[in-house]
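Chemist: First, the structure itself, so that you have it in front of you.
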Amino acid sequence: MSGTLGIAVIGTGKMGADHVRRLDRRTAGARVAAVADLDGDRVKEIAAGLDGCAAFTDPHAALAAPGVEAVLVASPGPAHEEILLAAIERGLPVLCEKPLTPEPDGALRVMEAEQRAGRRLVQVGFMRRHDAEYEQLKALLATGALGRPLFLHCRHRNASSPSFFTSDMLISDSVVHEVDAARWLLDQEVTAVTVLSPAPSGAAPEGLRDPQLVLLETSGGAIVDVEIFVNCGFGYQVVCEAVGESGSARIGDGQSVLVQSAGRWGGEIAQDYTVRFADAYDRQVRRWVDATRRGRVTGPSAWDGYAAAAVSEAGLAARRTGTRTPVVLAPRPELYA
Ligand code: NAD
């Protein structure tokens, strides 16, 4: 492909609008050809700021719009499957925000559609794989310098949760990031999940089980513990410490300026994922655009989205039943070998 890649962005809420800005201002070789959102006023406002961008309230119309050659899906998780199947049917490459689908059955249908198409078209927006610190940790683990990994200790904290957030979403929308990161860092599958939760924080909205502690067991015998706390109040924080047989390494402590003044030292804590992971989102989208223009798909696949959804499903069962719940994965199709 020689010209710019025409992209339809589906869903122009917080993430979709951020991706539109990224594609328009910070991504070479791409242009936003169409945007779609059920909210007509919002989508018109977003399109108005872009040259030659068509606005739709029907996401399917956006896929069919002139000049659309690829799709970025940033609608809510439950809406992903329908538009993914439509994009695959049209042979359009897709970058789909996580979760690929909230339930594994939907992800299986997406994989079946790709297999019918005979090629991978879908990349899942697990952007931590494009974060510099995560890349360094992955490279360090691969050298074997820390020995065999025994634990990943993870903390995932948000200042506050959106009003629509449910106790299930702490697992299926938030911990899904740690699930993918753990699978990728360790190159292992998650085999079982246990969930514990203390008495909810007084800062959590009524009825929300926040925080929770999610324990993942992996096929290589490692344990991953994830504290998910989405109303911690003080900021957005994602920390991961890998402990191996001969050393440990930790990322996510923040890289801001260290200030020493008036007998104290400290720095800033990012308030939001769009700040903490800004570079990772940029790199993810640039790499996707570059690969797509070369007719390739290089990022996390529909299989990765499926595996993460299967772990989420086990996690939700583990929380409801209070018991350790095995993860059952379908056989991995040839396309994703
Ligand atoms: P949001 O509620 O801010 O925006 C969603 C938008 O989609 C809304 O404008 C809504 O009107 C629109 N919409 C709803 N159904 C639609 C449909 N069928 N077709 C087109 N548009 C539709 O939500 P958000 O926070 O922007 O999240 C969007 C996606 O991004 C979700 O999958 C979420 O899990 C993901 N997300 C990823 C990250 C990350 O770090 N990678 C962070 C936040 C959210």
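The values are calculated or read from the model by the stated rules, or taken from the named source; none is laboratory data. Note that the coordinates shown come from a computational prediction; the quantities given were computed from them, not determined experimentally. Every residue, glycine among them, receives a Cβ derived from its backbone with ideal geometry; neighbour counts consider all protein chains shown. Just so you know, the surface numbers come from the protein's heavy atoms only, side chains and all, with ligands and any DNA or RNA stripped out. Shrake-Rupley method; radii C 1.70, N 1.55, O 1.52, S 1.80 Å.
Chemist: I'd like to verify a number: residues in the range 144-183 that are assigned to a loop (DSSP other than H, G, I, E, B) and either of a type outside the set (Lys, Arg) or within 13 Å of the ligand (Cβ to nearest atom) (or both), how many?
Modeler: Number of matching residues: 13.
Chemist: In the range 280-292, how many residues are over 14 Å from the mean Cα position of the chain (by Cα) and over 14 Å from Leu72 (Cβ atoms)?
Modeler: Residues in the range 280-292 being over 14 Å from the mean Cα position of the chain (by Cα) and over 14 Å from Leu72 (Cβ atoms): 1 in total.
Chemist: Among the residues of the range 63-77, count how many are near the ligand (Cβ under 8 Å from one of its atoms) and open to solvent by 50 Å² or more (accessible area, probe 1.4 Å).
Modeler: 1
Chemist: Select the strands (runs of 3 or more DSSP E) contained entirely in the range 50-103, then report the ones holding at least 1 residues which are in contact (Cβ under 8 Å) with a residue 60 or more places away in the chain, among the aromatic types (Phe, Trp, Tyr) and in the same structural domain as Ile171 (by TED's automatic domain parsing).
Modeler: Here the list is empty.
Chemist: Considering only the range 137-194, how many residues are buried (at least 22 other Cβ atoms within 10 Å of the Cβ) and more than 20 Å from the chain's Cα centre (by Cα)?
Modeler: Residues that pass the stated criteria total 1.
Chemist: Also, quick follow-up: What residue, of Gly263, Gly220, is open to solvent by 50 Å² or more (accessible area, probe 1.4 Å) and either within 24 Å of Met127 (Cβ to Cβ) or more than 16 Å from the ligand (Cβ to nearest atom) (or both)?
Modeler: Matching residue, one of Gly263, Gly220: Gly263.
Chemist: What is the residue count in the range 1-43 for residues that are part of a strand (DSSP E or B), within 9 Å of the ligand (Cβ to nearest atom) and small (Gly, Ala, Ser)?
Modeler: Qualifying residue count, the range 1-43: 1.
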